[in-house]
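Chemist: Before I ask anything, here is the structure I am working with.
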Amino acid sequence: MSYKYTVNIGNEIQSIASRRFLPKIDYYIDHEEIHEFNEDKDVKLIMNGWYLDSHSAWPPSENIDSLLISIHFNTQQKTQDIILSDESRDYLTKHGPVGCRDLSTYNFLNENEIDAYFSGCLTLTLDSGNKNNQKDENNSYVLVSVDNPEEIVPFLKQKTNKKIYVLNQQFLPAFDNAFLGSMRFSLYNRTSFYTYDEKTFIAENFLRMYENADCVITDRLHGALPCLALQTPVLLFNSRQNQERFDGLNDLFNRSSIEEYMENYNIFDVENPCENPKNYLKIRKNLIEKCMKFTGHVNDSCYSECSYNEMLDENTLLISKHSFESRKYIKEVLKKSREYERTIKRQERQLDKKTKQIERYRDIISNKNDLIINQKKLITNRNDLIIKQKKLISDYENSTSWRITAPLRKIKK
């Protein structure tokens, strides 16, 4: 599975996990265009990952022989309608049962009578091929991968003399696709300037960093799960949104909140980190068995074959590309900001002009309202005068003098 529309390297980590069970790769099927795959061959695909960010991509093409495993569904109301449509139900029934990455997805499908089971995440099957799990003692470091490292890193520096590396699994998007309107909303701001092969190479480097670290502190699911598989002690901060993604997986980790950890450092001493719980091993074993049964293959290592010099050359190129693209991105953002600033100023002038027009209209309306009020008063006064005159006439007609003079009025006529 490839991810054209993503800046989160965790997606490539999931693809690396599924790649381990493939004898070869014939096609890269894009995650957001999986419904469009149209090859005559019977292509097997391990469909682990998060689905239905792009509603139009579901259900997948019937030209794919899929293993539905380690799946997370975004179950917002509009998404639920798509998952529970007749077409989707038929697909899930045909290719099921559905292996769910989390209990939230499992419970949703079960409640709607779709055959499912809890499989856990395929990244638990990652394997470096390093059976001895030996680390480089001359390169001891703690790896921190959280959205906001500014708080935790200074705290850790007070506790250890080890190197502390900060790893960010999010990249800048390609500038051309970074603004709403240049692409459909579901893919907005998600297209990286790296190619899929480049992102996969970077993801492998991330995994190597996870594997060789003394320990890892992270709030990312696909930072913590690979650490379990690669036997690196990890502490998970349960501070992220979308906690339903962690349902059924939380108990696999040593975990706490950032606040709890800073109050009680013994939860996870980076100088002597506690071992990971072992209850993930059963899930890992079941995942491996199901994937091997589906493809009939498993590689010893999740990493691609690449010499040290090739890795060094590729890293040098990627660092150069990142520097160039980052400068370009910042330059274009500043340019776009200036354009927005000019647009805002122009709109402010237009708004000020319209405001003045409205104020003039209000004055005119106010004057007209005053005139109407005065006219109403004049009409009221005239009506009062008419009433008085009518009463006066009535009094005359009912008076004695009026009756006495009635014959005279007749003579005059």
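Derivation of every value follows stated rules applied to the coordinates shown; laboratory data play no part. The shown structure was predicted, so the numbers you read here are calculated from the model rather than taken from an experiment. Cβ coordinates were reconstructed from backbone atoms using ideal geometry, including for glycine residues, and neighbour counts include every protein chain displayed.
Chemist: Note down all Cβ pairs under 7 Å where the first residue falls in region 40-62 and is within 17 Å of residue 75 (Cβ to Cβ), the second is among the acidic types (Asp, Glu) and surrounded by 18 or more Cβ atoms within 10 Å (Cβ to Cβ), and they're at least six residues apart or on different chains.
Modeler: 54/32; 57/32
Chemist: Count, please, the residues in region 108-134 that happen to be at negative phi, touching a residue at least 60 places away in the same chain (Cβ under 8 Å) and not charged (D, E, K, R). Explain how you work it out, then say what you get.
Modeler: Taking region 108-134 as the starting set, the residues that turn out to be at negative phi are 108-112, 114-119, 121-128, 130-132, 134.
After this cut, where a residue has to be touching a residue at least 60 places away in the same chain (Cβ under 8 Å) as well, the list is 118-119, 121-128, 130.
If we keep only those that are not charged (D, E, K, R) too, we end up with 118-119, 121-126, 128, 130.
Total satisfying the criteria: 10.
Chemist: Taking residue 80 as meeting all but one of (1) of a type outside the set (Val, Ile, Thr); (2) crowded, with 16+ Cβ neighbours inside 10 Å; (3) farther than 25 Å from residue 223 by Cβ; (4) in contact with a helix residue (DSSP H, G or I) (Cβ under 8 Å, 6 or more places away or on another chain), write down the number of the exception.
Modeler: Going through (1) of a type outside the set (Val, Ile, Thr); (2) crowded, with 16+ Cβ neighbours inside 10 Å; (3) farther than 25 Å from residue 223 by Cβ; (4) in contact with a helix residue (DSSP H, G or I) (Cβ under 8 Å, 6 or more places away or on another chain) one by one, residue 80 breaks only (2).
Chemist: Something else: Check off (1) assigned to a helix (DSSP H, G or I); (2) within 25 Å of residue 253 (Cβ to Cβ) for residue 88 and give me the number that stays unchecked.
Modeler: With respect to (1) assigned to a helix (DSSP H, G or I); (2) within 25 Å of residue 253 (Cβ to Cβ), residue 88 is out only on (2).
Chemist: Of everything in region 236-272 that's of a type in the set (A, V, I, L, M) and touching a residue at least 24 places away in the same chain (Cβ under 8 Å), which residue is nearest to residue 10 (Cα to Cα)?
Modeler: Here the answer is 249.
Chemist: It is to be established whether one or more residues within region 77-99 are of a type outside the set (A, V, I, L, M, F, W, C), more than 24 Å from residue 26 (Cα to Cα) and in contact with a Cys (Cβ under 9 Å, 6 or more places away or on another chain).
Modeler: So far as region 77-99 goes, no, none of its residues is of a type outside the set (A, V, I, L, M, F, W, C), more than 24 Å from residue 26 (Cα to Cα) and in contact with a Cys (Cβ under 9 Å, 6 or more places away or on another chain).
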